[in-house]
Amino acid sequence: MAASPSSSTAASTNIVLAIFEKKTNTVDLYRPLRNYVAFHYSEREAQNLEDDLQTLKQLRSDLERHTDPSLPARRDLLQTYFKSLCLVETRFPISPDPDHVNALTFVWFDAFKPKQKASQQNIHLEKASVLFNLGAVYSQIGCSYDRNTVDGRRQASHAFIAAAGSFAFLRDNASMKASVGNSTTVDLSVECAGMLEKLMLAQAQECVFENTIAKGSTPGVCAKISRQVGIYYEEALAALNVAPLSQHFEKSWIVHVQLKAALFYAEACYRYGLELHDKEEIAEEIARLRSAVNVLTEAKKSSKGAAVQILDAIGKLEANINRNLERAVKENDRVYLMRVPPPSSLSPLPAFSMVKPMAMNEVLDASKEKMFASLVPDSSAKALSRYTEMVDDVIRTQAEKLQQASELTRVRLKEMELPDSILALEGNFTLPTGLKEDVEAVQISGGPAGLEAELQQLKDLRRVNQELLVQTEELLQKEAREDSQFRSQFGTKWTRPQSSTLTKNLQDRLNRFAGNLKQAAESDGRIERSVREHSALMSILDARPIESALPSLARPIMSFDQNEDAIVGSLKQSLRQLEILGAQRAGLEDMLKDMKRKDDILPKLMTSTGSYDDLFKKELAKYDHICDEIAQNIEAQEQLLLQIQAQNDEFSVIFNLEDYKASREKAYKQIEASIAKFREIKENINEGLKFYVTLQDAITNVKQQSNDFVMTRNIQCREMIDDVQRQVAGLSFQDKNTGTFNSNYPSVGSQNQRASIQTDPRPQAPYYQPVEQPPVAPYGHHAPPPYGGPAHHQPPPPYHIPPSSTAPYPPAQVHQQPPGNHEYGQPAYPGWRGPYYNAQAQQPGSVPRPPYTIPSPYPPPHQSGYYKQQ
């Protein structure tokens, strides 16, 4: 029976290490800093900074005396003081130099060997010591939580993570500066800070492992987390066993870390063995368990001085491992008979880290602090401005190189028509953007297939205009026939003007409309013929997608060496490499900008005692490695472009690329010609539609005038019949009852209508008199013939709207036209290769009031018997 996977390390949960703070001597920051401000700036400036100087003094005093015993308050004090030191560093050069703050000396004692101390006249020792103490306080906070509960272990893990972040920040930002000179301590060295970071991570991961066991996670998960605990302890142990730490720490430190590393390695083997047993991988389980026993046995040899809890945990774990090992060996000997692999052949145990150092940049960022904000040395500001210009020049030069390299790549690829030819081979080729947009516009408007419907619209509009014209002519002809009938009946007594005299203008306009319709039909015919003649040319525009009508780049029909795929593959690979180089260039430019953003040398400028040029040269060297990478990138691109050129030449020969380009260009030209022809026909059709609509309005206007004219003539006819009858009655009174006269003259309209007119008290309307009009301008057409014929054979233009001072449409339409525009407010309708529908220019005029003003006793014109709406 396997041992229960209980927490074998439960006894060790209370055994973690806390770091003690470094001790320091009392330092008066107030007086030296105030004297420096008063001397180098002014007494007034020193008075303005009085509050900040007093605050700084109080922070240092609290740091020395431990006024608040609570650990969170101590942590907050250290963070605030560190940010204040960052502000002091940028404004007060602290060094032995006579022009600097030279009356300050910081003394700090080693945390692990308190008899050793460091004494320096610079702020680096002070900052490094504060960071060390911050990590130490975080470790003490982690130890203060009750790690027998899930929440306590979680909080402790977070505290140890923060401690690891503090020591990592110390190692990366302050250890090197604080270790310069003869007066240093080991606890602030890079090696010690790195070791403490790993130790804190190990303890944080250990808390996570204990919570994982408490949650009842699977043996495989527990094994991975336990192994990572062991790895962190092993890394800390490796640092403790080499100089300068090997002789600096007490033996108990090394023993503790060594036993923890062995314990969690064995724990991982034990948990991993449980998983192997479930998978019936007995041979590896035996090898893992034997490896764990060996490690624990070796660790116990050096356990002198170790905590009893750790030794108890090792004993319990070893008992569980031996029990499982004995069971596995028996099962293998009796059932599985597998060969147990040697420990050296085993792969490393899988590990998974659940913790990482806390990023302290935000926690310790002093950029938002207001202390000493008004104090910036002038020399440092000028030097910083000069250095910034030098950095900008470096970045600008490199950016230009990168841009030129990218532009060179674009031009060279365009010359080789890459990757378009590869895309064409794969069937993914597309039209040039401008041409594709033109095709899409044509297809959206209906394409060549939609022209038939628009031609039918032309026919329908022409038919409607023709019907309106016929109706109007029949209306006037009927009135003229009635007038002629009464004139023949009454002879000289029928004294009103003849219809032909009064309707001459209307008839002339109708005749011109008829001529225009005839010639418009001819123009429509030419458009229809053009559509039929060019339907084959324009049919390519109906292809969807349009790329389906393009020629394709095909593989050669015959091949001798069958290396087409290899050529295409190598060319694609080179293009991918070129793309990678382009992405690297973008990353390098971002790296330059990011480095400039983080490049703050103001603290160095304030503490520098030598030449600024030497400092600038040293700082600018930071950018050299990126500049070298840019040069290497450009050189690699040049070599790759030469390689692509050779590969593309071979590709062009094998796939007969020149013939494909010729056929593709031919297809492009056909598409362009089709678009041009389609637009030309479309424009002609649109102009024809506009013209027919305008002409329909004009004919409708004339028809309305004709209706009004006929209605007025009918009223006059009835009145004249009554007058003639009264004259006849006066001459032949004796025959008044015979009704002979009435029988010879049929009446126009009903009796009720005549009675209503005779009893109307209003004055009688005069007979219709034609309105005097200026002479009609001659109709002319001066456009060149549509098909290049002689000008004197040019037929009259179609759809000519006759010029007249009495416009047949509302004045608003006429007055909107500028001088020289055509009647009815529309431009000329150009026919095929020429303006087939051009009306002669005329001056806009106003419409005179009609001479007939009697209210009509008839229904509205559209309801009369003379007009039937089509």
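Among the criteria (1) crowded, with 18+ Cβ neighbours inside 10 Å; (2) within 26 Å of CYS269 (Cβ to Cβ); (3) in contact (Cβ under 8 Å) with a residue 60 or more places away in the chain, the one GLU234 does not fulfil is (3). For region 390-408, state whether one or more residues are at pLDDT below 85 and more than 31 Å from the chain's Cα centre (by Cα). Within region 390-408, none of the residues are at pLDDT below 85 and more than 31 Å from the chain's Cα centre (by Cα). Given the criteria touching a residue at least 60 places away in the same chain (Cβ under 8 Å), buried (at least 22 other Cβ atoms within 10 Å of the Cβ) and either within 39 Å of the chain's Cα centre (by Cα) or more than 27 Å from GLY525 (Cα to Cα) (or both), does SER706 qualify? When the stated conditions are applied, SER706 passes them. Would you check if THR472 is at pLDDT 90 or above and either in contact with a Lys or Arg (Cβ under 9 Å, 6 or more places away or on another chain) or not aliphatic (A, V, I, L, M) (or both)? Criteria met by THR472. The set of residues from region 242-255 being assigned to a helix (DSSP H, G or I) and open to solvent by 10 Å² or more (accessible area, probe 1.4 Å) comprises LYS251, SER252, TRP253, ILE254.
Within region 108-121, is even one residue touching a strand residue (DSSP E or B) at 6+ places or on another chain (Cβ under 8 Å), modelled with pLDDT under 95 and in a helix (DSSP H, G or I)? No, because not a single residue in region 108-121 is touching a strand residue (DSSP E or B) at 6+ places or on another chain (Cβ under 8 Å), modelled with pLDDT under 95 and in a helix (DSSP H, G or I). Remark: pairs (first residue in region 402-422, under 11 Å from ARG585 (Cβ atoms); second residue open to solvent by 20 Å² or more (accessible area, probe 1.4 Å) and in a helix (DSSP H, G or I); Cβ separation under 7 Å; 6+ apart in sequence or on different chains) = LEU402/GLU589; ALA405/ILE634; SER406/GLY582; THR409/GLY582. Would you say LEU276 is among the hydrophobic types (A, V, I, L, M, F, W, C), under 20 Å from PHE209 (Cβ atoms), assigned to a helix (DSSP H, G or I) and open to solvent by less than 30 Å² (accessible area, probe 1.4 Å)? Spelling it out, LEU276 is indeed among the hydrophobic types (A, V, I, L, M, F, W, C), under 20 Å from PHE209 (Cβ atoms), assigned to a helix (DSSP H, G or I) and open to solvent by less than 30 Å² (accessible area, probe 1.4 Å).
Within region 488-545, the set of residues being assigned to a loop (DSSP other than H, G, I, E, B), of a type in the set (Val, Ile, Thr) and open to solvent by less than 70 Å² (accessible area, probe 1.4 Å) comprises just one member, THR503. Pairs, please: C-beta under 6 Å, at least 6 apart or cross-chain, first residue farther than 15 Å from LYS316 by Cβ and in region 286-303, second outside any helix (DSSP H, G or I)? The qualifying pairs are ILE286/VAL340; ALA287/VAL340; ALA287/PRO341; ALA287/LEU346.
Would you check which residues across region 227-259 are in contact with a Gly (Cβ under 8 Å, 6 or more places away or on another chain) and closer than 16 Å to VAL16 by Cβ and list them? Once the filter is applied, which keeps residues that are in contact with a Gly (Cβ under 8 Å, 6 or more places away or on another chain) and closer than 16 Å to VAL16 by Cβ, region 227-259 yields SER252, VAL255. Pairing residues of region 647-676 that are closer than 11 Å to SER421 by Cα and in contact (Cβ under 8 Å) with a residue 24 or more places away in the chain with residues that are open to solvent by 70 Å² or more (accessible area, probe 1.4 Å) and aromatic (Phe, Trp, Tyr), at Cβ distances under 7 Å and at least 6 apart in sequence or on separate chains, gives no pairs at all.
Looking at this structure, is ASP483 free of Cβ contacts under 8 Å to residues at least 12 places away in the same chain, in a helix (DSSP H, G or I) and either acidic (Asp, Glu) or open to solvent by less than 50 Å² (accessible area, probe 1.4 Å) (or both)?
no
Among the residues of region 431-455, those that are among the β-branched types (Val, Ile, Thr) and open to solvent by 50 Å² or more (accessible area, probe 1.4 Å) comprise THR433, ILE444. Selection within region 288-336: residues that are among the polar types (S, T, N, Q) and closer than 19 Å to GLY220 by Cα. The member of this set that is least open to solvent (accessible area, probe 1.4 Å) is ASN324. Tallying residues that are open to solvent by 60 Å² or more (accessible area, probe 1.4 Å), farther than 25 Å from ASP614 by Cα and touching a residue at least 24 places away in the same chain (Cβ under 8 Å) within region 381-401 yields 1.
Every listed requirement among (1) farther than 30 Å from MET195 by Cβ; (2) polar (S, T, N, Q); (3) not in a helix (DSSP H, G or I) is met by SER303 save one, (1).
Every condition in (1) over 37 Å from the mean Cα position of the chain (by Cα); (2) surrounded by 11 or more Cβ atoms within 10 Å (Cβ to Cβ); (3) over 13 Å from LEU620 (Cβ atoms); (4) of a type outside the set (Ser, Thr, Tyr) holds for ALA366 except the one numbered (1). Being crowded, with 17+ Cβ neighbours inside 10 Å, at pLDDT below 90 and assigned to a loop (DSSP other than H, G, I, E, B) is a property that holds for LEU553. Here ARG576 does not fit the description of being in a helix (DSSP H, G or I), crowded, with 17+ Cβ neighbours inside 10 Å, at pLDDT 85 or above and among the charged types (D, E, K, R). Here GLN258, GLN205 are screened, and the one residue that is open to solvent by 40 Å² or more (accessible area, probe 1.4 Å) and touching a residue at least 40 places away in the same chain (Cβ under 8 Å) is GLN258. Selection of helices (runs of 4 or more DSSP H) fully inside region 153-241 by the criterion of at least 1 residues being in contact with a Phe, Trp or Tyr (Cβ under 7 Å, 6 or more places away or on another chain) and among the basic types (Lys, Arg) returns 190-214, 219-240. Residue count for region 112-165 under the criterion of being within 19 Å of GLU191 (Cβ to Cβ), touching a helix residue (DSSP H, G or I) at 6+ places or on another chain (Cβ under 6 Å), open to solvent by 20 Å² or more (accessible area, probe 1.4 Å) and not aromatic (Phe, Trp, Tyr): the result is 2.
The values are calculated or read from the model by the stated rules, or taken from the named source; none is laboratory data. Because the structure is predicted, anything quoted here is derived from the model rather than measured. Every residue, glycine among them, receives a Cβ derived from its backbone with ideal geometry; neighbour counts consider all protein chains shown. When the accessible area is computed, the model is the full protein with side chains, heavy atoms only, and any ligands, DNA or RNA have been set aside. Shrake-Rupley method; radii C 1.70, N 1.55, O 1.52, S 1.80 Å.
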